[in-house]
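Notes follow once the structure below has been shown.
The values are calculated or read from the model by the stated rules, or taken from the named source; none is laboratory data. Computed from a predicted structure; not experimentally measured. Here the Cβ is made from the backbone with ideal geometry for all residues, glycine too, and neighbour counts use every protein chain on show. Note: accessible area is taken over every heavy atom of the protein model, side chains too, but ligands, DNA and RNA are not part of it. Shrake-Rupley method; radii C 1.70, N 1.55, O 1.52, S 1.80 Å.
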Amino acid sequence: MTNNLANDLLIRAAFSKPTERPPVWMMRQAGRFMPEYWDIKNKYSFLEMCKTPEIAADVTMLPVDLLGIDAAILFSDILVTGEAMGGQLSFEQGVGPRFANPVRTREDAEALRTDVLDKLQYVGDAIRAVQRRLQGRIPLIGFAGAPFTVLSYLVEGGSSRDFKRTKLLLNNEPDLAHLILQKIADVTVDYLNMQIAAGVNALQLFDSWAQALSWDDYRVFAHTYNSQIISRLHRKDIPIISFCKGSSVFAPVMADAGPDVVSVDWNADLRNIKDSLPQGVAVQGNLDPFVLYADKKVIKEKILQLFERMRGQDGFIFNLGHGIMPDIPFDNVKYAVEVVKEFRF
Ligand code: CP3
């Protein structure tokens, strides 16, 4: 049993078992809103931080020690799979991620490697380093990018507002898109199984940009591969959370892929989403992260409003609808965690 944890609120909620209060963690909790993050970031590049297990573990532990959250999430990035497959990845300050050799042609796609676990061993080492520090206090969440979202970065060569090239590929050359997606899916299965073997207690699949897709395209180009990944994991007692911005629309399809939890953005009424999903599928979310810029009184009101909606519901993990922005005041994030932890159903 991997989940022999002092605080197993997240695991219980993920499996829709009763909890005395909702567990709390926040996407991008291991990041730039913490001054302590900058103390480390000023000395190393982002990829150096990800690839040096002791540094990745230090950053993973920052929100554990400073915020008292109920789950740690590994400090890494969804694009490390794309890099291992052959993408020349860099992160430039103020620019975001960049692949210098975008995947645009059949030759580019064929050149992508799938036998890459040896290149990702540093992630396994970071997981083991974190678990040595956590000592079973709270669960550690591992993660990967979903094939469509990783494909969008490989094809665009970086972040995109409109996913123009990606959609052109899906529309004009669907076979080529499927070739790339299948390769990413195969790598992601190996990668997540490696994270399980290294000792993560839960997993999250990030399909951050699938909201760009139409209903039909979501099924063909995202859902197919997410289902495949979830069914190919050797995960026994390890819950998996499926995240997509756009989950207020796609939630029923996301649930159909077989995750334990669907992570919901802030457009949706979380209770409506929960009620619309099959019994036993938990939800995660869905505070608008911009609320964390507001006055503490407002932060508390909005969190309690969400809890009022979810009262009496098992299978609820408190999170934001998307990640914490880098300029949100640390004190406000800490306060939000306190409000959640004081609450009782
Ligand atoms: O959640 C956590 O705290 C764990 C670590 C984590 C990071 N990225 C650290 C990071 C996780 C889970 C991710 C996932 C990720 N990465 C996603 C999916 C989540 C989401 O937000 O939808 C995506 C789309 C990426 C790709 C990515 N990585 C982008 C677009 C950027 C630039 C963002 C920006 O605003 O500049 C990154 C860089 C990144 N990933 C940083 C961090 C802490 C910033 C690096 C820095 O310090 O400069």
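Do you know which residues across the stretch 207-233 are within 10 Å of residue 148 (Cβ to Cβ) and part of a loop (DSSP other than H, G, I, E, B)?
207, 208, 209, 213 - these are the residues of the stretch 207-233 that are within 10 Å of residue 148 (Cβ to Cβ) and part of a loop (DSSP other than H, G, I, E, B).
For residue 164, are the conditions met, namely being surrounded by 19 or more Cβ atoms within 10 Å (Cβ to Cβ), within 23 Å of residue 224 (Cβ to Cβ) and basic (Lys, Arg)? Before the answer, list the steps.
On the way: surrounded by 19 or more Cβ atoms within 10 Å (Cβ to Cβ): no; within 23 Å of residue 224 (Cβ to Cβ): yes; basic (Lys, Arg): yes.
No.
Across the stretch 167-203, which residue is farthest from the chain's Cα centre (by Cα) among those that are open to solvent by less than 10 Å² (accessible area, probe 1.4 Å) and under 14 Å from residue 105 (Cβ atoms)?
Among those residues, the one meeting the criterion is 176.
Report, ordered by the first and then the second residue, all pairs with beta carbons closer than 7 Å, sequence separation of six or more or different chains, a first member in the stretch 126-149 that is closer than 17 Å to residue 53 by Cβ and open to solvent by 10 Å² or more (accessible area, probe 1.4 Å), and a second member that is of a type in the set (Gly, Ala, Ser) and modelled with pLDDT under 95.
Pairs that qualify, where the first residue is closer than 17 Å to residue 53 by Cβ and open to solvent by 10 Å² or more (accessible area, probe 1.4 Å) and the partner is of a type in the set (Gly, Ala, Ser) and modelled with pLDDT under 95: there are none.
Being within 21 Å of residue 210 (Cα to Cα) and surrounded by 18 or more Cβ atoms within 10 Å (Cβ to Cβ) is the filter here; which residues of the stretch 231-248 pass it?
Selection gives 240, 241, 242, 243, 244, 245, 246, 247, 248.
Can you report the number of residues in the stretch 21-61 which are within 9 Å of the ligand (Cβ to nearest atom), more than 16 Å from the chain's Cα centre (by Cα) and not hydrophobic (A, V, I, L, M, F, W, C)?
4
Give me a count of the residues in the stretch 62-76 that are open to solvent by 10 Å² or more (accessible area, probe 1.4 Å) and more than 12 Å from the ligand (Cβ to nearest atom).
3
Select from the stretch 22-61 the residues that are under 30 Å from residue 310 (Cα atoms), open to solvent by less than 20 Å² (accessible area, probe 1.4 Å) and modelled with pLDDT of 95 or more and list them in ascending order.
22, 23, 24, 25, 26, 27, 29, 33, 34, 60, 61
Restricting the search to the stretch 306-334, which residues are closer than 21 Å to residue 19 by Cα and surrounded by fewer than 18 Cβ atoms within 10 Å (Cβ to Cβ)?
308, 309, 311, 312, 314
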